[in-house]
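Chemist: Input: one structure, supplied below.
The values are calculated or read from the model by the stated rules, or taken from the named source; none is laboratory data. These numbers come from a predicted model, not from an experiment. Heads up, the Cβs are rebuilt from the backbone with ideal geometry, glycines too, and the neighbour counts pull from every protein chain shown. Surface areas here come from the heavy atoms of the whole protein model, side chains and all, with no ligands, DNA or RNA. Shrake-Rupley method; radii C 1.70, N 1.55, O 1.52, S 1.80 Å.
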Amino acid sequence: EAIQDVRVRDYQLQISYRNNKAMMDSVASHQEKLLLDRIDAALVERYLAHLEPISQGLRGNRYPLLGLMSPAFELARQRSGAGGSPPMENTAALVSLAMYAADPVLLEFTRLGSRFGQPAKRLELTLHRRKDLAQHFVTSALISLFAGDKLAEFMGLQKELNDSQTYSGFDLADLMADKAGIRFAELAAAPGTAQRL
C-alpha cells in the first residue's frame, strides 16, 4: 500500500514509497506499549543469567532457537505464576533472546547491546537449520514490540526488496519468519494472550 511507483531502468528495480498513515499510526499507538526506556533491566538480566549456562554448555555456536526459547518462556511462565506481569516477563524473555539472535545492527541502534552487554558466547541460533530465519523471527519480534507491527512488516519487506538487488535475492521464507516473529510478539505482549503464551 505504501508503494507509489515501480520502474525498471538500466537493469535496476526502482520503487518509490509514499507516507503510509496506518504504519505511522501503528508506531504512534505503541506509546502505551513497552518502550525501550521502560524495559526492566534487572528483569532482562535475570533472563540472560538463566540462558547463560545453556549457551556455555554448548560445544559449537549453532543451536536451535527453540533450545533457548523454551527455557526462557518456561521461566516467564513460572515468574508470571508467582505474581509477575506476563507481558513484562514475555518481553524480558524476547529481549534476552534478541541478545543472542537479533540483527547486530538493530541491537546497536536500539542501544540494547550496550545496555545489557553481549552474552559471553553469542550463538548462531537457527530456525529450520537456517540462521537467517531465526534472526528474521527475533528481529521482527523486537521491532514489533517497540515500534509496532506495521513498521516491522515494512522493514522486513524493505530488506527483501534490497536483497533482491544483491546476490542473496528475495526470499519468501524470510518474510514468513518476519510475520511469525511479529505475530509471536503480539501474543507475547497482549494482556489477553501473554499468560497463555
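Chemist: Over 22 Å between C-alpha atoms is what I'm after, so list which of K121/K150; K121/K159; K131/K159 land there.
Modeler: Check vs 22 Å cut-off fails for K121/K150; K121/K159.
Chemist: Here's something else I'd like to know. Can you sort I54, I39 by 1.4 Å-probe accessible area, starting with the largest?
Modeler: Ranked list, largest accessible area first: I54, I39.
Chemist: Roughly how many Å² is the accessible area per residue of the stretch 115-197, as a whole number, for a 1.4 Å probe? Numbers along the way, then the final one.
Modeler: Values: 4180 Å² over 83 residues.
Computed with neighbouring chains in place, this is 50 Å² per residue.
Chemist: Give the separation of the Cα centroids, the stretch 61-107 to the stretch 123-196, in Å.
Modeler: Cα centres, the stretch 61-107 to the stretch 123-196: 15 Å.
Chemist: Take the solvent-accessible surface of the protein heavy atoms, probe 1.4 Å, and return the percent of it on the stretch 48-197 that carbon and sulfur atoms account for. Numbers along the way, then the final one.
Modeler: Details: 4240 of 7290 Å².
Carbon-and-sulfur percentage of accessible area, whole number: 58.
Chemist: Right, another one. Expressed in nm to one decimal, what extension gain is obtained for the pair R122 and S85 from 0.36 nm per residue of sequence separation less their Cα-Cα distance?
Modeler: So the extension gain works out to 10.5 nm.
Chemist: How large is ³J(HN,Hα) for each residue in the stretch 107-112, as worked out from phi by the Karplus curve 6.51 cos²θ - 1.76 cosθ + 1.60 (θ = phi - 60°), to whole Hz, x for Gly and Pro?
Modeler: Ordered by residue, 3J(HN,Hα) equals 4, 6, 4, 7, 6, 5 Hz.
Chemist: Mind listing which chymotrypsin sites (Phe, Trp or Tyr not before Pro) in the stretch 94-197 are in a DSSP loop and have 10 or fewer other Cβ atoms within 10 Å?
Modeler: Values: sites: Y100, F109, F116, F137, F146, F154, Y167, F170, F184; in loops: Y167, F170.
Filter output for the stretch 94-197: Y167.
Chemist: Near the amide H of T126, under 5 Å away, which other amide H atoms are found, from residues 5 or more places off or on another chain, if H is placed in the peptide plane?
Modeler: Amide H neighbours of T126, under 5 Å, 5+ apart: Y63, L65.
Chemist: Let me ask something additional. Among L97, S80, L58, which residue has its Cα furthest toward the positive end of the charge dipole of the stretch 38-130, with +1 on Lys/Arg Cβ and -1 on Asp/Glu Cβ?
Modeler: The residue sitting farthest along the positive end of the dipole is L58.
Chemist: Taking 7 Å along the Cα-to-C-beta vector as the label spot, tell me the D10-N61 distance in nanometres, rounded to one decimal.
Modeler: 3.8 nm
Chemist: Need one number: nm distance between label points at A41 and T166, each 7 Å from Cα along Cα→Cβ, rounded to one decimal.
Modeler: In this crude spin-label approximation the distance works out to 3.3 nm.
Chemist: Can you list the HN-Hα couplings for the stretch 126-139, worked out from phi with the Karplus curve (6.51, -1.76, 1.60; θ = phi - 60°), rounded to whole Hz and with x for Gly and Pro?
Modeler: Calculated HN-Hα couplings, in order: 10, 10, 6, 6, 10, 5, 5, 5, 5, 5, 4, 4, 5, 5 Hz.
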